[in-house]
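The values are calculated or read from the model by the stated rules, or taken from the named source; none is laboratory data. Source: prediction; values computed, not measured. As a convention, Cβ positions derive from the backbone with ideal geometry for all residues, glycine included, and neighbour counts pool all protein chains shown. Note: areas computed on protein heavy atoms with side chains; ligands, DNA, RNA excluded. Shrake-Rupley method; radii C 1.70, N 1.55, O 1.52, S 1.80 Å.
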Amino acid sequence: MKFIVTGGAGFIGGNFMHYMVNKYPEDQFINLDLLTYAGNLETVAPLEGKPNYRFVRGDIADRKFIFDLFAREKPDVVVNFAAESHVDRSITDPEAFVRTNVCGTTTLLDACRTYGIKRYHQVSTDEVYGDLPLDRPDLFFTETTPLHTSSPYSASKASADLFVLAYHRTYGLPVSISRCSNNYGPYHFPEKLIPLVISRALADEKIPVYGTGANVRDWLYVTDHCSAIDLVVRKGLEGEVYNIGGHNERTNLDVVKTILRSLNKPESLIEFVKDRPGHDRRYAMDPTKIETELGWKPEYTFDTGIPKTIEWYLSNREWWEHIVSGEYQKYFDKMYSKRLAEGENA
Ligand code: NAD
Ligand code: TYD
């Protein structure tokens, strides 16, 4: 089978490329990525030269480029990771999210309709369900929970999901969707919470915690997400949505304190800063469907995945220091200098 994997130079797409290229030497994998600020070819450098792997730079929202690529390659499977993925960036620049996440998805769907496809898989997120109250630990998102988005990011991802399902219903396109909880692990861009805490703590820099740090996220080690997508693409039913999560809920403050403890760094590094506008309170996935129907089981819990992740960041300093010393630094200053100054108002 020939796969086009979009966004394969990003965090989860990059891990997925490593997972699939090594697991399926008989399949062909084309990594299609625009290399935005979040794309990093160093993430997939170990795959260069493998006979079943190729990188192509391009924009999923560029219709001519995508149609030419599909005409040439005639892929059997498309797995779409490519996206603008950072909620904070979506608050300052929603337009880029509409272009890539919505128009990019419909461009890929149109190319699949035109050239034929065995499976189009959309990598979606738990954020399309909105949030849950902090005082109802009995509530979880299921696949039938109504879409109810909060941020421009989640609104763009939910729109894309609706287009994917519409193309199934209207044109009979063989699609599937997976919606996963927050990921962490190797190659995570250091503006997201977990790598940000690790990299800043190692440099004895302040750790910005939004609001009171009481917001809850449901954390999944990234290779468990990869194995779930692999399963859905190969065994999942057409037109179906599968939730992915491992029941690893933690408050943001717990996550930060756990990492600081592991690195022997003081909690005095924590600085409470002004909250994110519209900040979702709690995400919590019910993964019963993928567990019972497809037999998926995660390999890691938060308690086993976090030490592994910290160990990776300690052994791969060059990967993230290279990012931290580049454009990221300017981004961090732009986004956080004002918030840190407003810290006492958190
Ligand atoms: P990321 O930001 O690390 O990577 C996104 C990749 O897409 C980058 O390599 C970037 O260069 C590429 N890209 C962006 N715009 C593009 C375009 N127009 N054309 C081609 N490539 C483009 O994101 P991630 O955290 O790896 O997330 C991947 C996917 O998984 C996203 O669709 C996201 O919504 C979803 N998801 C993420 C999480 C999470 O915790 N990170 C959880 C659930 C779902
Ligand atoms: P993030 O990694 O941006 O993922 P998402 O918003 O998609 O869940 O953030 C995870 C949580 O951590 C979220 O509740 C916001 C919070 N957060 C902070 O408190 N400080 C930070 O510097 C960042 C980046 C996030």
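Can you give the net charge of the other residues whose Cβ lies under 13 Å from the Cβ of Thr288, counting K and R as +1 and D and E as -1?
-2
Just the number: Rg to Rh for the range 28-142, Cα atoms, Kirkwood Rh, two decimals.
Here Rg/Rh amounts to 1.04.
For a quick protection proxy, order the peptides 205-215, 162-172 by their average other-Cβ count within 10 Å, most packed first.
So the peptides 205-215, 162-172, ranked by packing, come out 205-215, 162-172.
Name the most mobile residue of Ile177, Ile259, Ile229, meaning the one with the largest mean-square fluctuation, in a Gaussian network model of the chain with Cα contacts below 10 Å.
For the chain, modelled as a Gaussian network with Cα springs under 10 Å, the answer is Ile259.
Let me spell out the model: positive unit charges on the Cβ of Lys and Arg, negative unit charges on the Cβ of Asp and Glu, origin at the Cα centre of the range 2-341. What dipole size does that give, in debye rounded to 20?
Roughly 380 debye for the range 2-341.
Please compute the modelled spin-label separation between Tyr171 and Thr304, points set 7 Å along Cα→Cβ, answer in nm with one decimal.
For Thr304 paired with Tyr171, the spin-label model returns 4.2 nm.
Relative to the Cα centre, what is the charge dipole magnitude of the range 14-121, using +1 at the beta carbon of each Lys and Arg, -1 at the beta carbon of each Asp and Glu, and rounding to the nearest 20 debye?
Roughly 380 debye for the range 14-121.
Between Arg281 and Arg234, 0.36 nm times their residue separation minus their Cα-Cα distance comes to what?
Here the segment from Arg281 to Arg234 would lengthen by 13.5 nm.
Pull up the DSSP beta bridges for the chain and report the antiparallel fraction as a percent, rounded to 5.
Around 10 percent antiparallel, to the nearest 5.
Multiplying the sequence separation of Thr114 and Lys50 by 0.36 nm and subtracting their Cα-Cα distance, what value in nm do you get?
20.1 nm
What does the accessible area per residue of the chain come to in Å², with a 1.4 Å probe and no ligands, DNA or RNA counted?
On a per-residue basis, the chain sits at 41 Å².
Report the GluC sites (Glu not before Pro) located in the range 1-83 that are in a DSSP loop and have at most 16 other Cβ atoms inside 10 Å of their Cβ, or state none.
Passing sites in the range 1-83 are Glu26, Glu48.
How many nm separate the modelled label positions at Leu162 and Leu147, each set 7 Å beyond the Cα in the direction of the Cβ?
0.6
Ignoring ligands, DNA and RNA, please state the percent of accessible area on the chain from carbon and sulfur, probe 1.4 Å.
The value for the chain is 52 percent carbon and sulfur by accessible area.
Give the residue from Leu231, Ile30, Tyr242 lying farthest towards the positive end of the charge dipole for the chain; charges sit on Cβ (+1 for Lys and Arg, -1 for Asp and Glu) and the dipole is referred to the Cα centre.
About the Cα centre, the residue reaching furthest to the positive side is Ile30.
By how many degrees, 0 to 90 and rounded to 10, does the Cα axis of helix 105-115 deviate from the longest principal axis of the chain?
20
With point charges of +1 on the Cβ of Lys and Arg and -1 on the Cβ of Asp and Glu, referenced to the Cα centre of the chain, which listed residue (Ile310, Ile91, Cys103) lies farthest in the positive direction of the dipole?
Result: Cys103, furthest along the dipole toward the positive end.
Using a 1.4 angstrom probe on the protein heavy atoms only, line up Lys2, Lys157 by accessible area, largest first.
Largest accessible area first, the list is Lys2, Lys157.
In degrees, nearest 10, range 0 to 90: what is the angle between the Cα axis of helix 193-202 and the longest Cα principal axis of the chain?
Result, in degrees: 50.
Summing -39500 (n - 2.57) over the DSSP H runs of n ≥ 4 in the chain and dividing by its residue number, what mean residue ellipticity at 222 nm do you reach, to the nearest 500 deg cm²/dmol?
Roughly -12500 deg cm²/dmol at 222 nm, from the helical runs in the chain.
Can you give me the three principal axis dimensions of the chain from its C-alpha atoms, in Å, biggest first?
57, 44, 37
Would you list Trp296, Trp312 from the most to the least accessible area, probe 1.4 Å?
Of Trp296, Trp312, the descending order of accessible area is Trp312, Trp296.
Spin-label point model (7 Å from Cα, Cβ direction): what's the Ser268 to Lys2 distance in nm?
Those two pseudo-labels are separated by 6.1 nm.
Using the alpha-carbon atoms, what tilt in degrees (0 to 90, nearest 10) does helix 327-341 show relative to the longest principal axis of the chain?
Once rounded, one gets 40 degrees.
Can you compute 3J(HN,Hα) from phi for each residue in the range 141-156, using the Karplus curve 6.51 cos²θ - 1.76 cosθ + 1.60 with θ = phi - 60°, rounded to whole Hz and x for Gly and Pro?
For the range 141-156, the Karplus-derived couplings read 7, 10, 5, 9, 4, x, 6, 7, 8, 10, 9, x, 4, 5, 5, 5 Hz, x marking Gly and Pro.
Quick one: Karplus J couplings for the range 120-135, per residue in order, coefficients 6.51, -1.76, 1.60, θ = phi - 60°, nearest Hz, x for Gly and Pro?
Running phi through 6.51 cos²θ - 1.76 cosθ + 1.60 with θ = phi - 60° gives 10, 10, 9, 8, 10, 9, 5, 5, 5, 8, x, 10, 10, x, 6, 9 Hz.
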